[in-house]
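Step one of this worksheet: look at the structure below.
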Amino acid sequence: MTASTDVILLRGGRVIDPVNGVDGVCDLLLADGRIKAVAPSGTIADLPAETKVYELAGKLVCPGFIDMHVHLREPGEEYKETIETGSRAAAAGGFTAVACMPNTKPVNDNLAVTSLILAKAALAGLARVYPVGAISKTSQGESLAEFGEMRQAGVVAVTDDGLPVNNSQLMRRALEYAGSHGLLVISHAEEMALSRNGVMNDGALATRLGLRGIPGAAEEIMVYRDLALAGYTKRPIHIAHVSTRESVSLIRRAKEKGIRVTAETAPHYFTLTEEAVDNYNTRAKMNPPLRTADDVAAICAGLHDGTLDAIATDHAPHSELEKEVEFDLAANGIIGLETAVPLALALVRQGKIDIGRLVELMSVNPAHILGVVGGSLAEGGVADVTVIDPEKKFVFKEEDIHSKSKNSPFLGSQLQGKAVLTIMGGRVTYGDGI
């Protein structure tokens, strides 16, 4: 980790702060972990002698990016990822904060596991790590976990991510109980009776490959149920990793009805289609699976019009032991922390969203949804900053990956746009030759 400095001046970059209506060339002065000043470029004077100055002409200066859906694998599967290596990958990807899912071993359904995660994150000091607790004990879907204890320990939301809450009554109670503790419920929307034993999107390609398919309805049925329960309980719900056109439509209609719903998608769902699975490419195996071009178009439209509120990576590290096997047996999931920025910037270059919307999707909205610090560059706020070079081109190579695992369908791809400076709490946690 780069050594900290007492005072940092970020000079001459294009500052994008949708919360405060800023989009223009400015200077940012950071000191004591806070944003001390935001001013027209060249107007901040009388700087201390020890000030570290970064010249950022042509760069984008954004409030620190927040990934609200990652898997850090610790405790229990440290051979795939640790909190330290995951935090390092986050910083290298431009993220100042991540929210980690509870499907560790043991499951994060109690104070002890939550406290361990927070202690390890503090020791690493590379990103703000927000633990997410389990909805049900050991995520078995039978009885609720102790929300109050976990909230007191530091969880910011609850989910059984990786598994759906099949019991509708339990999900109803989770919404009510979580609401009383100020916790957000995150839905892993999957109807297991339809998805069980499936390994890719259901369709002609699955038939040609001889693989069992997962229909879009497996996601959509549970999205509909959880929206109905959120409406009934009048509690907020967040839908994770949206992948289908109809899910986007359901969420859009729910918002129009006033249901308190937010939703996320991941870069692979607006970048790739099921064709990436051809030739039994296990690096493109995930759950929900990659879908069709029509689904990709709907995801992009949902990001543009506000139906989808956040871009989250669903960073899911696995070792070669779980991926270099027969497709049916391969683990679901890909790493995503270090490719999210270039993939999201591709949407900007394609005119599908603008840069202000990207910052909303990757910083402003995740902070608001989770109720955590960040999301703006207001004077006096925390000095969490992501600096991006939108023109920087690079080949995503295995030897350059900071994550412990290398399972990505984007390996070998030339990407454009990269985080070149990540600052968390006024400390530089990543710098790429800047």
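Coordinate-derived values only; no laboratory data. Since the model is a prediction, treat every value here as computed from it, not as a measurement. Positions of Cβ are generated from backbone atoms using ideal geometry, with glycine treated the same way; all protein chains shown enter the neighbour counts.
Remarks
- Taking label positions 7 Å along the Cα-Cβ direction at both ARG349 and ASP328, the computed distance is 4.0 nm, reported to one decimal.
- P(r) for region 336-434, from all Cα pairs and a bin width of 10 Å, is 14, 42, 36, 8, 0 %, short bins first.
- Database remark: amide H of ALA99 closer than 5 angstrom to the amide H of ASP67, MET68, HIS69, VAL70, TYR130 (H placed geometrically; neighbours at sequence offset of 5 or more, or on other chains; Pro and chain starts carry no H).
- Model label points for HIS304 and ASP432, set 7 angstrom from Cα along the Cα-to-Cβ axis, are 2.7 nm apart.
- Percentage of interatomic Cα-Cα distances in region 65-370 larger than 25 Å: 45
- Using the empirical formula 2.2 N^0.38 Å as the baseline, the Cα radius of gyration of region 111-243 reaches a ratio of 1.19.
- Simple label model, 7 Å out from Cα along Cβ direction - LYS234 to GLU391, nm: 5.5
- A full extension of the chain between GLU246 and ASN167 corresponds to an added length of 26.2 nm, given 0.36 nm per residue minus the alpha carbon distance.
- Choice from LEU209, LEU72, LEU370 with maximal GNM fluctuation in the chain (Cα, 10 Å cutoff): LEU209
- Once the chain from GLU149 to THR207 is taken as fully extended at 0.36 nm per residue, the excess over their C-alpha distance is 16.1 nm.
- Under 5 Å from the amide H of VAL53 lie the amide H atoms of LEU9, each residue being 5 or more positions distant or on a separate chain, with H modelled from the backbone and absent for Pro and chain starts.
- Percentage of interatomic Cα-Cα distances in region 280-373 larger than 16 Å: 63
- Cα Rg, Dmax, region 1-149, angstrom units: 19.3, 62
- Local net charge near ILE311, Cβ-Cβ under 13 Å (Lys/Arg +1, Asp/Glu -1): -3
- Alpha carbon centroid spacing (whole Å) that separates region 78-145 from region 413-428: 22
- Selected from HIS368, HIS71, HIS241 as most flexible by GNM, with the chain as the system and alpha-carbon contacts under 10 Å: HIS368
- Under-5 Å amide H pairs with MET200, H placed in peptide plane, nonlocal only: ILE214
- 0 to 90° range, to nearest 10: angle between helix 245-256 axis and the chain longest Cα axis: 70
- Between helix 83-92 and the chain: long-axis angle, C-alpha atoms, 0 to 90°, nearest 10: 60
- Net length gained if the chain between ALA45 and SER115 were fully extended (0.36 nm per residue, minus Cα distance): 20.9 nm
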